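Quick note: the coordinates plus some simple rules give every number you see, no bench work behind them. Just so you know, these numbers come straight off a predicted model, no measurement behind them. Glycine also receives a Cβ, built like all others from the backbone with ideal geometry; neighbour counts cover every protein chain displayed.
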Amino acid sequence: MNWSKRRKKLQGSAGGRALLGAASLAYGAGVLLRRGLYAAGALPRKRVGARVVCVGNLTVGGTGKTPAVLLAAETLRKHGHEVAVLSRGYGRRAPRQEVSVLLDGRHMDWRECGDEPWMIQQSLRGQGIPILVCPDRVKAGELAVEVYGSRVLILDDGFQHLRLHRDLDIVLISARNPFGGRRLLPLGDLREPLSALRRAGIVVITHADRVTSGELTRLREEIERLHPGVQVVESAHKADHLLDVKTEEKLPLTRLKGQAVVSLSGIGDPLSFEAQLEALGVTIAQRWRYPDHHPYTSRELKSVEDLRGGLPLVTTHKDFVRLPGDWRERLAGEVFVVGIKLELLKGRNAWIDALEHLAKGRRK
């Protein structure tokens, strides 16, 4: 039984909720103690010879950080800045202290670097942006500066990584589930108390197109109460293209319009992905959902193939890189990946200005 199912079972009983609540109190005390030690200087923050922007969130999963990292990297590169991405590399096989580098022209199995860094590199292909993967983000940042001449570092999913000094924190909040049940892990989904939002330089509301205007207004008001005066940007995750992974051909989104398809996802917010598919005019005949970061097996793919009835299989880039090596043999029919981009609905100028001020060594 995976953790999400085990937690749901515990939440179903008074004793289980009490146990989770006690664990949340202990977790919260540890978070506050650690934060206090960094604030007092007892735990030192490290600086590297570059400006650092962090893209992160308050909750576990589901806010859509990767498209925000891609947009930040593309925005900075477009404005002529030498940028690199630093990632922890969740689930990678490489030795813990080894820095893996993904860059144009280099091939690396996703298992050696983690699925999300691999996906970031594929999406940024051709732009000359290195992705450095290591739990020690200070070590990775120093390497980026020394070897690749990076002047701006994007810290992926690093809001709680306090060891590396940053010059700007971009915090993503999903409009669909803003504050993770308002309780800390493991009872809720908050990584930190809501007071942590005061560290944010910009707040990006994601999935803003999937709630009512009233809900959006109330969320903005609460963000303002938590962090008066913070810049708030509204965004939506939009499908950008289809990739036929067997031919590696980039296709228009209209390719599947009017068809029935099978969806496959192991991400934090499968509903968001499925909504993207339905917005393309397809009918989802089957929905295969797995836990976030799930490493697929040949047996699981065989089950999908046996039951999908010849319908096209559509998945995410993040899921595709976690398919087993024999996926071509297991999946005889069509397989497509949906490319997703972050579209800024409100606050685009604030986004660009903040990144430009960061890159040029100034803060508003």
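What 222 nm value per residue comes from the helices of the chain, counting each DSSP H run with n ≥ 4 as -39,500 (n - 2.57) and dividing by all residues, nearest 500 deg cm²/dmol? Mind dumping the intermediate values first?
Details: 12 runs with 129 residues, N = 364.
Rounded to the nearest 500, it is -10500 deg cm²/dmol.
To the nearest 20 debye, what is the magnitude of the charge dipole of the range 101-140 about its Cα centre, counting +1 on the Cβ of each Lys and Arg and -1 on the Cβ of each Asp and Glu? Provide the component values of the computation, followed by the final result.
On the way: 5 positive and 6 negative charges, 25 e Å.
So the magnitude is around 120 debye.
Projected onto the charge dipole of the chain (+1 at Lys/Arg Cβ, -1 at Asp/Glu Cβ, origin at the Cα centre), which of M108, Y148, T297 gives the Cα projection farthest towards the positive end?
Looking along the dipole axis, the top candidate is Y148.
Considering only A196, V262, S174, whose Cα is most displaced toward the positive end of the charge dipole of the range 161-269, charges sitting on Cβ of Lys, Arg (+1) and Asp, Glu (-1)?
After comparing all options, I get A196.
Considering only DSSP states other than H, G, I, E and B, which GluC sites (Glu not before Pro) in the range 1-103 qualify as loop sites with at most 16 other Cβ atoms within 10 Å? All intermediate terms of the calculation are to be shown ahead of the outcome.
On the way: sites: E74, E82, E98; in loops: E82, E98.
Answer by residue number: E98.
Comparing G325, G61, G21, which has the greatest mean-square fluctuation in the GNM of the chain with Cα pairs linked when under 10 Å apart?
G325
Give me the distance between the Cα centres of the range 113-168 and the range 36-55, rounded to whole Å.
Cα centres, the range 113-168 to the range 36-55: 16 Å.
To the nearest 20 debye, what charge dipole does the chain have about its Cα centre, counting +1 at the Cβ of each Lys and Arg and -1 at the Cβ of each Asp and Glu? Working shown, then result.
Numbers: 58 positive and 41 negative charges, 248 e Å.
With Lys and Arg at +1 and Asp and Glu at -1, about 1200 debye.
Would you mind working out the magnitude of the charge dipole of the range 237-341 relative to its Cα centre, with +1 at each Lys and Arg C-beta and -1 at each Asp and Glu C-beta, to the nearest 20 Debye?
For this selection, approximately 80 debye.
What is the Cα centroid distance between the range 20-34 and the range 213-238, reported in whole angstrom?
The distance from the Cα centre of the range 20-34 to that of the range 213-238 comes to 27 Å.
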